[in-house]
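Read through the structure below, which is laid out as structure tokens, and then see the notes.
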Amino acid sequence: MSLSRRHFLCSSIAPALAAKKQPPAPRPNIVMVVADDLAAWMLGCYGNKEIKTPNIDLLARGGVRFVNNFVVTPVCSASRATLFTGRTPRQHGIHDFLTANPIAQPPQGQAATPASFADEFMISDALAGAGYRCGYTGKWHMGGDERPGHHYEFTYTMGGGSSRYQDPAMYLNGERVQEKGYLADLITGKACEFIDRQSKDKPFFLTVSHFNPHVPYDGHPAKYYEMYAKTDFSTVGWEPAASNALREKEMLKDTVGNIRKCAASVTALDDQLPPLIAKLKQSGLWDNTLIIFTGDNGFLLGRHGLWSKGLASDPINMYEEVMATPMIWNWPGKFPVEAARPELISFVDVFPTLCEFSGAAVPPRNLPGRSYANLLMGRPMPKKRRWKNLVFGNFRNTEMARDDRFKVVVRNQGKGPNEFYDLKADPREKVNGFYNPQYSTVRDHLMQELAAWRKNYA
């Protein structure tokens, strides 16, 4: 049977069209918003009923919220180093620095940090190598705060780990400027200036690193304090001061009053999202911008009778409140909406995930993280790379291994004091089951996993 001319032409052209490569999808612009001392449990979208975060909650509803995101180290500087390098404290050099300092140091409002991360390879280095323009506004706190380097062509940073919230001194591209106004507004304003300089033909990576809700709790606009003047925070779960309270224990003399002030700082932070998003929309960049929202470490706010983070107690703690931080990804039209992923993920996973979305090369070094791009896109993981629900923590003499039900905390190379929790039966970590024979098998298994992690990523 003879072929018609039209059938013949279609049959001839189809293979050629199929062989032709489709143009690559536009690489996303990336905006990463990092809050200081913000635990997941402090946000409405993670179940908080008294601290108002409507804009963060809306961002979560429009994208993917990871229910179980964990930092490696529950303290500012080391945790930020992991977020931006993809490496553990032992790997990125801050572990020895932290270990050499007494538990009560550094002074309140500061955190230990090595002189510089100038020799580290950070996510901005990888993205700049892939053609991204990089900008950074806000708290850096990884050494060289005035001039972060690492291919950031626009920087607006605090001079160190702490600042006042009104009329702060800042560094604009390395030059000191004495500002007038509210710190959070200034950080957002400079982020918007960076966005104004961008165009659709070249992707950008912008970090907006807010100091909120870190102490001090004064200096925020009055309207936020007024919002919580009568809130009793009865659902927060705070407790009387514990006998081992250490860092910022003076806050526990007026726990509710200080929660009110911290809540004011959180809601002031929440109000920074609308102007940032409005600028992206006004610039025509919103549809191809991937926004990430997270916190550099968690916080206790009176839970367990403690106030601060890992250093809130002696010995160091790795409670869920200090290890679990928000992790929200929003990319209009690309990610599922109103998605809550249950997988356990870690700060070490952010670097390889961003490399996958941006097309940047993953550096040839021993990175412990895994890309969770498939989870974000709602796709199954490849059979040979099934997601393993296991995360680890390390802070000075304290280590943690956690799966989707159990957690072991080991101190002083196993000499103790050690802890073990069944988080399903005891989500608030009240009953230490380390020496309970009922848990010996799973406890030993987690300790073996921890030993292997320590060996692989020392």
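Which order do peptides 296-309, 370-383 fall in by mean Cβ count within 10 Å, highest first?
Output ranking for 296-309, 370-383: 296-309, 370-383.
Going Cα to Cα from LYS279, which lysines come in below 16 Å? Please leave out same-chain ones fewer than 8 positions away.
Cα-Cα hits under 16 Å: LYS190, LYS200.
Obtain the nm distance between the two label points defined at SER234 and ASP185 by a simple spin-label model: each point lies 7 Å from its Cα along the Cα-to-C-beta direction.
The modelled label-to-label distance comes out at 3.6 nm.
About the Cα centre of the chain, what is the dipole size in debye to 20, counting +1 per Lys and Arg Cβ and -1 per Asp and Glu Cβ, all else neutral?
1800 debye
Amide H of MET32: which non-local residues (sequence gap of 5 or more, or other chain) have their own amide H closer than 5 Å, using H built in the peptide plane?
Those qualifying (amide H under 5 Å, at least 5 residues apart or on another chain) are LEU206, THR207, VAL208, ILE292.
Report the label-to-label distance for GLN166 and LYS281 in nanometres (one decimal), using points 7 Å from each Cα along the Cα→Cβ vector.
Spacing of the two 7 Å Cα→Cβ label points: 3.2 nm.
Could you work out the per residue convex hull volume over the alpha carbons of the range 397-458, in cubic angstrom?
Numbers: hull volume 5.1 nm³, N = 62.
It comes to 83 Å³ per residue, whole-number rounded.
Could you order the peptides 198-206, 352-360 from most to least packed, using the average number of other C-beta atoms within 10 Å per residue?
On the way: 198-206: 17.4, 352-360: 19.7.
Result, highest mean Cβ count within 10 Å first: 352-360, 198-206.
Hey, rough spin-label estimate for ALA130 and SER440, points 7 angstrom out along Cα→Cβ, what's it come to in nanometres?
4.9 nm
Restricting to the chain, what percent of DSSP beta bridges are antiparallel, rounded to 5?
50 percent
Given the peptides 419-430, 260-271, arrange them by the average over their residues of other C-beta atoms within 10 Å, most packed first.
Per-residue mean Cβ counts within 10 Å order the peptides as 260-271, 419-430.
I want to check a number: in the range 364-458, how many lysine pairs have alpha carbons closer than 24 Å, given a sequence separation of 8 or more or different chains?
Total qualifying Lys-Lys pairs in the range 364-458 comes to 10.
Kirkwood hydrodynamic radius, the chain, all distinct C-alpha pairs: what's the number in Å?
Computed over Cα pairs of the chain, the Kirkwood hydrodynamic radius comes out at 23.0 Å.
Would you calculate, for the chain, the mean residue ellipticity at 222 nm contributed by helices, counting each DSSP H stretch of 4 or more residues as -39,500 (n - 2.57) and dividing by all residues, to the nearest 500? Let's see the in-between values first.
Values: 13 runs with 127 residues, N = 458.
Dividing the helical sum by the residues of the chain leaves -8000 deg cm²/dmol.
Å³ per residue of the Cα convex hull, for the range 317-458?
138 Å³
Considering only DSSP states other than H, G, I, E and B, which GluC sites (Glu not before Pro) in the range 300-349 qualify as loop sites with at most 13 other Cβ atoms within 10 Å?
In loop regions of the range 300-349 (DSSP not H, G, I, E or B), the sparsely surrounded GluC sites (Glu not before Pro) are GLU338.
Please give every one of the lysines within straight-line cross-link reach of LYS253, meaning a C-alpha to C-alpha distance under 21 Å, and leave out same-chain neighbours fewer than 8 residues apart.
Candidates past the 8-residue exclusion: LYS230, LYS261, LYS309.
Every number here is computed from the coordinates shown, using simple stated rules; none is lab data. These numbers come from a predicted model, not from an experiment. With ideal geometry, Cβ positions are generated from the backbone for all residues, glycine too; neighbour counts draw on all protein chains shown.
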